[in-house]
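Worksheet: one structure, shown below.
The values are calculated or read from the model by the stated rules, or taken from the named source; none is laboratory data. All figures in this text were calculated on a predicted structure; none of them were measured in a lab. Neighbour counts run over all protein chains shown; Cβ positions are idealised from the backbone, glycine included. In case anyone asks, the SASA skips ligands and DNA or RNA and just uses the protein heavy atoms, side chains included. Shrake-Rupley method; radii C 1.70, N 1.55, O 1.52, S 1.80 Å.
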Amino acid sequence: MSTFPSSHLRLTAVDTETVVRIELLGDLDYDNADLLLDAATAKLAARPRLRELHLGCAGLGSIDSTGLSVLLMIRRRTDAANVLLRLEDRPPALDRLLTITGSLDHLTALPTGAARETSGPGESRADTEEAIPARPTGPDSSA
Amino acid sequence: MVTSTNPATGVDVQGGSLWSRAPYPVLIADLQGAIILVNEAAGALLPRARPGTPMTDAVPDWLSSAHAALRLPRQGAAAEPAVWSGRVGDRVFEAHPTVEDSGTVLWWLVDTTDHRLAEEALRRERERTAFLGRASNLLLSSLNLDRCTNVTAQMAAEHLADAALVIAPMRGNRLPIVTCLGDGNPVASSAIADPASVPGLVEALQGFPPVPTRWVDPRTVPDWVVPEGFGAPGSIVVTPLPGHGVPAGALILLRRADGPGFTPEEEVFARLFAARAGAAMSAARLYADQSAITDVLMRELLPPSLHQVSGVDFAGGYRPSEDHERIGGDFYDVHPAGTEGAPSLVVLGDVCGKGLEAAVLTGKIRNTLHALLPLADDHQRMLALLNMALLNSHHTRFATLVLASAVREGGSVRMRVTSAGHPPPLVVRATGEVEEADTRGTLIGAIPEVRADSADLFLAPGETCVLYTDGFTEARGGPMGDAMFGEERLRRVLAECAGMPAEGIVERIQMVAAQWVGTGRHDDMAVVVVSAPRSHHLSAVNGHTRGRFTA
Amino acid sequence: MSTELRSAPRRTADLEAALWDAVFAGDEYTATDLVQRALDDGADPESVLLDVIAPVQFKVGEEWAANRMTVAQEHAATAINDRAVAALSLHAASRTVAGRGRITVACVDGEWHALPARLLAEVLRLRGWRVDYLGAQVPVPHLIAHLHRTGPELVALSSSIATRLPTAHATITACQAVGVPVVVGGAAFGPGGRYAELLGADAWAPDARSAADRIQRDPLKRPVPGHQPIDDLPHLDDQEYTMVTRTRTSLVRAVMRGLDQGFPAMLRYSDLQRERTAEDVAHIVDFLATALYLDDADLFTDFIAWTAGILTARGVPAHSLPPALRLLAGELKDFPRATRLLRLGIDQLAAPSAHSVPARNHP
C-alpha cells in the first residue's frame, strides 16, 4: 500500500464493492479539508452499490470548523446516496468538538432515508487498496 | 593633443614657423606682456594680436590677467602651470601656458565650447534625474491623496516654475485647487470656476484621451489661476496629470513676466514629472476610494464598542486572526432592550471558515438575528428560525453561537444563556469560583433539526458572565511554544478577575492570550463580558443617576 | 466602598489621594465621580489628567511591582483609571474645538499598557488637535493603512515594555517610509529616551505634557524617504539577534531540561510553577534578544536585577536565575555578544545590590 503525502493530510482508501474505508492521517482543517470531501464524493459517485463509508479517524490530528463542515457535507451526501457513514476510532478531541457543537448525534445516526440493513465487517472483501492522490480528478464536488 | 615638440625642452621662439600651422591657436608673449608670436589660428581668432602688440590691447581681459599673473615671481620653477578659461567672442576657450625660464610664455588656446555645453547638459540631466527620483520617492511613499497633491504642487513650484497649481477633477461645481508659490507651502482651496475658462484644462482634467501640454496666453486666463501676490505671469503651461484610467487632475505652471519662459526642453521635463505625480495621485485616489468602501463594510461587520445598558455592564474584545484579514469568522453584538425592564440580548458567535465567505455568513447571521429581535425572549425559537434561514443546499458552512439575555434586577443581573454548538459561557463568582453555564445545543446552519437547552443564571453585584470563542482556548503557544491555552488556563485567569470591571476582564483575557501566542499564528479571538455592576452607586449619588458612567 | 461626596477635594494632592483610594478599592463610581466633581468645581482638565490620574496610574505599577497588588487588581485599577479618563473627556469642561492639525496616537503592537497613550491623546485633544486614538496593540499594517487614509501630521507611538523595541523600530521606520514623522514615549525607550534616537524616532518626550509641548513648539519635519533601518543598528549584521529570536522556544526548552537535571528544587515544582519558571526563562531570552538588537548591555542587566527584585518581593528566591543564565550561556557559547551579556547578567546577580527594583520598562 502506497500513500501520497499532502501538506498536512494523507488519505488512504480501502475499497470493497459495498464498503469504502478512508483512513485519515493528519489535520482536517481549512487548508486541506476539501481533500477529504473530494475523495469521499468521488467514492460515492464511483460506486453506486456502496452501502457504507467508513472514515478512520485514529490518525486524525487537529480538526477545525472547516473540517467539521466537510464532515457535515459528507454526511449530507451519504444520506442522499443512502449510504451509512461511520466515523471510526474517534480521538477524544474529535468527540469533544462533536459534543460541543451538538453534531455528534447527527453525524453518528443511521441514515435519515430509511433504516436499512447494514453490511457487517465479514462481508467486506478488500478488492482494491489505493492511495488517494492529493487532488482527485473527479467531478467538481465542492458545491 | 597635438604637439610635435615637447615645450618643456625648449621652444625655438625665433623660428616661429613651427607653430604657424598648428591647428590650435598659439600665442607667445614675453615677460613684459608684449606679444612675440601669433600663429594662423590665433590670428584668425584674435585679429588684433600681432607681434609687438601688448597682450592687454589684443586679447580678452581674462587672458591678459592670466599672463600678468604668470609674470609675478614664482615660488619654484617647477610649479604646476594653471589653466585659465574664458570667452572669446561667443566661444569658450581654455588657455594652457608653458613658461620658459626667461619668463616668455607660450599660450595654447583650446576651444572648449562644445565640451562645456555637453557637460552642462549632462549636469542638468543628472539634476533632473535626481529630481525625478526624489519626486518618485516622495510621491510613492504615501497613499494619502492630500499629501500626494501637496507634494506635487510643492515640488513643481520649487523646481519647475515660480508657482504651481494642482487642479483635481471637479467635485460638484467646485474645482479643488492646491496652490504653491516658489519655496512656500502648499495651500488647498476650491474655486467655483468653469475649467473651460482655461484653454486645455477640460481636456487635461478628463485624463483621456492623452493631451499634450498646452501653452496658455497669460492675458486670457481667469483670475483664480494666478495666485495672490504672484504678480504678472509671463508664461503659463497646462499639463495633464495622467491617471491610468482614473482622472488625476492637471498641473498648471506659472512663471513671472520678468523671468525666463519655459523652453521646450523644460516643458518635456514637466511632462515627465507630471506622469509620475499623476500615477501617484491616482493610486492614492483609488486607495482612498477603496478604503472608504472597506470602512463602510467594516463598520457593518466589526463588533461594536460596548458599554453599560440599562444597569448591566457589557464589554467586548475582538482580535482577528491575521493582520491582512480584518474581517474574520468571530462576531458579537449587543441589542439593547426595546423596553424598560426587558432584557438586552448579547450574541457571540464563530463562523466556520475565514475571509470573505465567512464575512458574508457573519453578515447574514447578524442581520437575521436583528430581524428576529422581537422573539429575543425565546432563544430556541430564534435559533430554529436562524437555522432555517441559513440552511443551504450548496454548502455546510455553519456557525456556533451563544445567545445571552440579561436584565437588571435590583443590584443583580438575571441572565438566560443558550449555546448553539458553542463553548458554554463561564461565570465568575464574587468568590473567584468559575462555573460553566449548563447549556448545550446544536450548531446552526448545516443540520435541518436543531435543539438547544438554555441555562438561567443570576449574577450578584461584581459577578460576571464571560462569552468567548475557541480562538482563546485553542491558541497555541506559551513559553514552550506549542501548548494549547486550554479551558483550564482560561478558568485560572478568570478566577483572578473576580470583582473586576467588565473592560478590565476583557483586557486581561486578551492580554494573557496575546502573550501566550506571542508572534505565532492564531485564530480569531472574541470575548464578551456581561457584569452586574459592583457598586450600588447608580442610585446612591444624588442627581447623578443618568447614564453618565458609560464609557 | 463608596462614600457620598458633595464636592471633590480642592488640592491636587488630596484629589490624587482620594482617586488612589477609589482606584485601589476598585470603586469606579467614586473614581469617575471624583473626576467629574473636580471638573464641575473648575479644575483644569489637563491638570486632572496629568497631575491626578497619571500619578495614580504610576503608583498602580509601583504597587504591583512591590506585590501589594495582584495583576488582576492592576488591570482593575487601570480599567477604572480608564473610565475616569472617559468621564473627563465627556465632561463639558473638556469640550474643545479642533483647530490644529491631525495626529495619530497608538501603542506598539504587543503593547497592552494603553493608558499613557490615552492620556496623551486626551491632552492633545484638549489642546485643539484632531486626534485619532488607535489604542493598545496596533498591528503595523493597520497603523500604516490608517496613515494612508488620514494623512496625519505625525504619529505618537507609545511603548512601555522594552521587549517591544524591535517592533517599535519596525513601526517607526514604516511610518517614516510613508512620510509621517514619529514622536515616541514610554518607559520602553529607556532612561532619558536613550533608545528613541537609536531607533530613529524624530522626537522623544518623557511624558504626555512635554510630548504635547514638543509637538506644539516645533512641527516635526517630514522624514525623507529612502532610510534603511539596518543603518541605525549595524551590529545586527552578526545575526545574533535573529538567531536568538528564531530559536527562542528551543532555548527555553533546553534551559528547562538543564534546570530539571541540575536544579533539584525543580523536581518538587507543580505544573503551574514549572510554567511560571518557563515564562521567566522566556522573558530572559526576550530581553537578551532585545539587548542584542540594541547592543545595550544595561537593558539586560537592569532586567535581571529587576526580575530578581520582583521574585524576592513575591517571596520566591531567585536561586534559579544564575543557573538559568549559565545554561543559556552554554547554549549560546558561539555567540560572543550574547555570551558577554549573559556573563554580565550573572555578575549582576552576584553583586550585593542586585535586588533593587529599577525603573519599570518590563512587563
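Can you pull out every residue in the stretch C:215-231 that is away from every other protein chain (no Cβ under 14 Å) and either open to solvent by 70 Å² or more (accessible area, probe 1.4 Å) or touching an Asp or Glu at 6+ places or on another chain (Cβ under 9 Å) (or both)?
Listed by number, the residues that qualify are C:Ile215, C:Gln216, C:Arg217, C:Asp218, C:Leu220, C:Ile230, C:Asp231.
Could you tell me whether B:Phe472 is in contact (Cβ under 8 Å) with a residue 40 or more places away in the chain, assigned by TED's automatic domain parsing to the domain that holds B:Ala384 and of a type in the set (Phe, Trp, Tyr)?
yes
Among the residues of the stretch B:268-279 satisfying the criterion of being touching a Leu at 6+ places or on another chain (Cβ under 9 Å) and farther than 15 Å from B:Val151 by Cα, which is most open to solvent (accessible area, probe 1.4 Å)?
Only one residue fits best here, namely B:Leu272.
In the stretch B:378-394, is there at least one residue being of a type outside the set (D, E, K, R), assigned to a strand (DSSP E or B), within 12 Å of another protein chain (Cβ to nearest Cβ) and buried (at least 21 other Cβ atoms within 10 Å of the Cβ)?
No, because not a single residue in the stretch B:378-394 is of a type outside the set (D, E, K, R), assigned to a strand (DSSP E or B), within 12 Å of another protein chain (Cβ to nearest Cβ) and buried (at least 21 other Cβ atoms within 10 Å of the Cβ).
Just one of (1) within 19 Å of the chain's Cα centre (by Cα); (2) crowded, with 23+ Cβ neighbours inside 10 Å trips up C:Cys175, so point out which.
So C:Cys175 meets the others, but not (1).
I need the helices (runs of 4 or more DSSP H) fully contained in the stretch C:115-178, keeping only those with at least 3 residues that are more than 23 Å from C:Ser89 (Cα to Cα).
Result: C:140-150, C:165-177.
With the requirement that a residue be away from chain B (no Cβ under 12 Å) and of a type in the set (Gly, Ala, Ser), what does the stretch C:282-301 give you?
Those that are away from chain B (no Cβ under 12 Å) and of a type in the set (Gly, Ala, Ser): C:Ala291, C:Ala297.
Any idea which of B:Glu203, B:Glu228 is out of contact with any helix residue (DSSP H, G or I) (no Cβ under 7 Å at 6 or more places or on another chain) and assigned to a loop (DSSP other than H, G, I, E, B)?
The match here is B:Glu228.
At least 1 residues that are closer than 30 Å to C:Val224 by Cβ in each: list the helices (runs of 4 or more DSSP H) lying fully within the stretch B:29-140 that qualify.
Once the helices (runs of 4 or more DSSP H) in the stretch B:29-140 are filtered for at least 1 residues that are closer than 30 Å to C:Val224 by Cβ, what remains is B:113-140.
Can you name every residue in the stretch C:72-101 that is within 12 Å of chain B (Cβ to nearest Cβ) and touching a Lys or Arg at 6+ places or on another chain (Cβ under 8 Å)?
C:Ala72, C:His75, C:Asp82, C:Val85, C:Ala87, C:Ser89, C:Leu90, C:Gly101
Examine the stretch B:344-358 for a residue that is open to solvent by less than 10 Å² (accessible area, probe 1.4 Å), outside any loop (DSSP other than H, G, I, E, B) and farther than 16 Å from B:Phe331 by Cα, and state whether such a residue exists.
yes
So which of B:Asp438, B:Asp453 ends up being free of Cβ contacts under 8 Å to residues at least 60 places away in the same chain, in contact with a strand residue (DSSP E or B) (Cβ under 9 Å, 6 or more places away or on another chain) and not in a loop (DSSP other than H, G, I, E, B)?
Exactly one of B:Asp438, B:Asp453 is free of Cβ contacts under 8 Å to residues at least 60 places away in the same chain, in contact with a strand residue (DSSP E or B) (Cβ under 9 Å, 6 or more places away or on another chain) and not in a loop (DSSP other than H, G, I, E, B), namely B:Asp453.
Does the stretch C:71-110 hold any residues that are touching a His at 6+ places or on another chain (Cβ under 9 Å) and in a helix (DSSP H, G or I), and which are they?
Within the stretch C:71-110, just C:Thr78 meets the criteria.
Condition first: loosely packed, with under 15 Cβ neighbours inside 10 Å, farther than 16 Å from B:Arg491 by Cβ and either away from chain A (no Cβ under 14 Å) or in contact with an Asp or Glu (Cβ under 9 Å, 6 or more places away or on another chain) (or both). Now tell me which residues in the stretch B:424-461 satisfy that.
B:Asp453, B:Asp456, B:Phe458, B:Ala460
Which of the residues belonging to the stretch B:494-509 are part of a helix (DSSP H, G or I) and surrounded by fewer than 20 Cβ atoms within 10 Å (Cβ to Cβ)?
Selection gives B:Ala495 alone.
From the list C:Leu120, C:Leu143, C:Leu154, C:Leu124, which one is more than 10 Å from chain B (Cβ to nearest Cβ), under 30 Å from C:Ile284 (Cα atoms) and open to solvent by less than 30 Å² (accessible area, probe 1.4 Å)?
After applying the criteria, what remains is C:Leu143.
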